[in-house]
Structure formats: structure tokens, C-alpha cells
């Protein structure tokens, strides 16, 4: 996405821009970013820069760490000096919300985010915003998400109640890290992760909570797709020797967007805003215009 009035691209790496900004490392926000990418300067949080360097092979000389609370000035050929301030997005590790000052115009790009008290206080000082690019992932949902702490406690409770079984936890390559850490801490064991996911967690400093040795633990983390297909062919799925816990915002819906299965425990943990939280955020920043992003 090109920020209006500039040639600065956020979460888009296929075209030509004066500079590039990455809000977070999820795949749907870094399309076009690949090994050897060298189109220009790339700004992201320190954690995200580390992943871009070590997972995607982008040269460190292209990367400019920009962490929450920090401001950088980008010299843009269309808008001149554009200041960019990073705000913690309360999403996955390293995720940023970005505030742009474009010739005195206030532009806020949320990326993916979940509102919390610290964010409420920070963005209230930006109001009114001229243009708001806002996450619309759950904009049409009717349900309310519980606080993240409550959802994490529910996951931990389910894990403790099934500590004698294999505990299979749905995770992302990046995201739900707080859930994984809480389960590992409470049960006193690391969580097994496949190689690529394990590398990401270690790069982010979660090494003590994860392992690549399946025999070292009865807690295992897999991507959601594993449980929708391959796992259903396993004996543990049929004989009840394992429990599957799936933290997902879609659990607030009457019917999950994916096939429901009584063998699976869905917990309404989300790193996005629900529709009510999103509306509250918009009310706080008082934008003159809104552009939805997903």
C-alpha cells in the first residue's frame, strides 16, 4: 500500500517506492519480499528486521530498525521530509502501528492490531487523524473477544486438565507466542515445534520455551492446517490420547469458518480487534477519512 501523498510503500514490496515499511512479519504483509530483495531502504521493528535478515536473506545494510516510540525521517521525492513514528500494535512480536506526518497531514496506518490501554492513551494524543488505514479483519463479526489474558488462562486450564495426554496446540510461525509461553511455563516443559517455526521462535528470544526434539515433551505446536487435514489420519485423533487446543478469534462465531470438531477445543484468543473494539479505536482517533486494510 502506498501512503497517500507519498511514494512510501507499507506492507508491499513488488513495485518501486522511495522507501519501504513493514508493519510485521506475517506472510500476507510481506508479499514480494524475498531472498536478495534490494529495491530500497526497509524500515521495521528490530525484531522484524532480524527475521527479514535471517529468514529471507535480505542484506542488513537495507534494514533500518524502528521500534515503538521511535521516530525516523524519510526523504520522499513527492512529499519531502516525512516523519514516521512507531507504535506497539499489540499483535505478534515486532508488530508496529505507524503514524506518518506528510506535509503536516496526520496519517495513521494500524497494520494488524489489538487495542489495549497503552494504545488507547498513545493514539488519543494523535487525534484527530486526517487519514486512517485500519485493520478490518473482524469488522463484520458480531461476537466480542474476551481479554487476551482470560483466553490465555483458558488455554492453560485446558492444558493442565489434559497434562497426561499429548497436548497439541495450534500456533502460527509467528503469533500466539504468549499462549505458547504461558503453557510452557505452567507445565514446566518446552513446546515442540517444526524446524521453520522453531527457528523463528528462537530468533525472537523464545528459545527456553521451545524444542526441536519431539521426545523431550508431550506438548506440540502445529499450524492450523495440520489439524484440518493430516492430523485426522493419526491414531491419537481417534483414540483420545491427545487433546487439541485451537486459539482463534473465529471461535466467537456461532459456527467457526472452518469445520467444527468436538475433539477440538476452540478458545477465543485474538491478536486482532473485534468489531466493537475497532469501532472504539476509530472513535478515539477521529479520522476524517478511513481506508480499510485486511
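A short reminder: the numbers here are calculations on the coordinates, not readings from a lab. All of these numbers come straight from a predicted model, not from anything done at the bench. Please note: Cβ atoms are built from the backbone with ideal geometry, for glycine as well, and neighbour counts cover all protein chains shown.
Mind sorting 173, 83 by how few other Cβ atoms lie within 10 Å of their own Cβ, fewest first?
On the way: 173 20, 83 12.
Result, fewest neighbours first: 83, 173.
Do the sum for the chain: with -39,500 (n - 2.57) for every DSSP H run of n ≥ 4, divided by all residues, what is the mean residue ellipticity at 222 nm, to the nearest 500 deg cm²/dmol?
Details: 8 runs with 74 residues, N = 294.
Rounded to the nearest 500, the figure is -7000 deg cm²/dmol.
Which residues does a label at residue 72 reach in region 92-106, if reach means a backbone N under 16 Å from a point 7 Å past the Cα toward the Cβ?
Once the point is set 7 Å along Cα→Cβ of residue 72, 94-101 turn out to lie under 16 Å by backbone N, inside region 92-106.
Over the alpha carbons of region 87-205, what is the largest minus smallest coordinate on each principal axis, giving the biggest first in Å?
Taking the Cα atoms of region 87-205, the three principal extents are 59, 33, 24 Å.
Obtain the nm distance between the two label points defined at residue 140 and residue 35 by a simple spin-label model: each point lies 7 Å from its Cα along the Cα-to-C-beta direction.
Result: 3.9 nm between the two label points.
Helix 275-285 sits at what angle to the longest principal axis of the chain, using alpha carbons and giving 0 to 90 degrees rounded to 10?
Tilt relative to the chain: about 30 degrees.
If you fit an axis through the alpha-carbon atoms of helix 46-56 and take the longest principal axis of the Cα set of the chain, what angle between them do you get, 0 to 90°, nearest 10?
Between helix and principal axis, roughly 70 degrees.
Can you give the angle from 0 to 90° between the axis of helix 177-187 and the longest principal axis of the chain, with both taken from C-alpha atoms, to the nearest 10?
Between the helix axis and the principal axis of the chain, the angle is about 30 degrees.
In whole angstrom, note down how far apart the Cα centers of region 6-58 and region 106-175 are.
Between the Cα centre of region 6-58 and that of region 106-175, the gap is 23 Å.
Taking R0 as 25 Å, what FRET efficiency do you get between residue 236 and residue 196 from their Cβ-Cβ distance, rounded to the nearest 0.05? Can you show the working numbers first?
Numbers: r = 23 Å, r/R0 = 0.92.
After rounding to 0.05, the efficiency reads 0.60.
Order these by the 10 Å Cβ neighbour count, fewest first: 189, 176, 262. All intermediate terms of the calculation are to be shown ahead of the outcome.
Values: 189 17, 176 22, 262 5.
Going from sparsest to densest Cβ surroundings: 262, 189, 176.
How much of the calculated P(r) for region 148-267 lies past 26 Å, in percent of all Cα pairs? Intermediate results must be reported in sequence, preceding the final value.
On the way: 901 of 7140 pairs.
In whole percent, the long-distance tail amounts to 13.
Mind sorting 172, 133 by how few other Cβ atoms lie within 10 Å of their own Cβ, fewest first? Could you put the intermediate results ahead of the total?
On the way: 172 18, 133 26.
Ranked by crowding around the Cβ, least crowded first: 172, 133.
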